[in-house]
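These notes are about the structure you will find just below.
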Amino acid sequence: MTAESVGGRRSPGGPTGDRDRNVTGQAQNQRPRDRYGRPMPHGSKGEVERVPDDAVFSAEEGLHEAQRLLDAGYAFTAHEVLEAVWKSAPDPERELWRGLAQTAVGLTHAQRGNMIGAARLLRRGAERVEPFGPDAPHGVDVAGVAAFARALADELEAGRARPGEGIDPSGMRLLGR
């Protein structure tokens, strides 16, 4: 898929570099991504399906799709789904979705080998979701998410977790069983 095929265009080189732009000129990366969300060269076959910038998910759809992606090892794409829900969530729930997205992107950083940034994001996400407690909206298991995120952050900081395949996103369960 090219930027042109989704209504975007490539910007010329120069001070902004060779970045993809949408029709209004805003930066919009259309490059394919590897399983950890890293951009691949234009024309490559991406390893994951991109979540469109304008994607809309209900809370239930987002939770189930994000969990499916986490179970398959695609934390970056799960983050994109959770972020899409966050963008349209009602105000009282926004911090919950923001925290869930942060934990998923923390997993992404761990998969990519950024252990310090991963631990910080995992802890930040845990802090955001935890206040929602046992009555969190949509049955989100905030205690489980927070415990998983903090435990992984501890493993990362202690040097016991290995990036890439050594990080298993499926351990983060968004919904209580």
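What the table below lists for this structure:
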{"quantity": "Glu155 being free of Cβ contacts under 8 Å to residues at least 12 places away in the same chain and surrounded by 15 or more Cβ atoms within 10 Å (Cβ to Cβ)", "calculated": "yes"}
{"quantity": "Residue under evaluation Leu107, criteria (1) at pLDDT 95 or above; (2) under 20 Å from Glu155 (Cα atoms); (3) open to solvent by 60 Å² or more (accessible area, probe 1.4 Å); (4) of a type outside the set (Phe, Trp, Tyr), criterion not met", "calculated": "(3)"}
{"quantity": "Among residues of segment 60-94, those that are part of a helix (DSSP H, G or I), more than 15 Å from the chain's Cα centre (by Cα) and buried (at least 16 other Cβ atoms within 10 Å of the Cβ), counted", "calculated": "1"}
{"quantity": "Selection count, segment 133-147, where residues are buried (at least 20 other Cβ atoms within 10 Å of the Cβ) and part of a helix (DSSP H, G or I)", "calculated": "3"}
{"quantity": "Search result, residues across segment 126-154 that are within 19 Å of Ala89 (Cα to Cα), of a type in the set (Gly, Ala, Ser) and in contact with a Lys or Arg (Cβ under 8 Å, 6 or more places away or on another chain)", "calculated": "Ala126"}
{"quantity": "Meets criteria (more than 13 Å from Met172 (Cα to Cα) and either among the basic types (Lys, Arg) or in contact with a Lys or Arg (Cβ under 7 Å, 6 or more places away or on another chain) (or both)) for Arg50", "calculated": "yes"}
{"quantity": "Given (1) of a type outside the set (Lys, Arg); (2) surrounded by 15 or more Cβ atoms within 10 Å (Cβ to Cβ); (3) in contact (Cβ under 8 Å) with a residue 40 or more places away in the chain, index of the condition Gly113 fails", "calculated": "(2)"}
{"quantity": "Residue match in segment 159-171 (condition: open to solvent by less than 50 Å² (accessible area, probe 1.4 Å), touching a residue at least 60 places away in the same chain (Cβ under 8 Å) and over 26 Å from Asp53 (Cα atoms))", "calculated": "yes"}
{"quantity": "Condition check for Gly117: out of contact with any Ser or Thr (no Cβ under 8 Å at 6 or more places or on another chain) and under 14 Å from Ala75 (Cβ atoms)", "calculated": "yes"}
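The values are calculated or read from the model by the stated rules, or taken from the named source; none is laboratory data. These numbers were taken from a predicted model, which means no experiment stands behind them. Cβ: placed from backbone, ideal geometry, glycine included. Neighbour counts: every protein chain shown. Ligands, DNA and RNA are stripped out before the accessible areas are found, and what is left, the full protein with its side chains, is counted by its heavy atoms. Shrake-Rupley method; radii C 1.70, N 1.55, O 1.52, S 1.80 Å.
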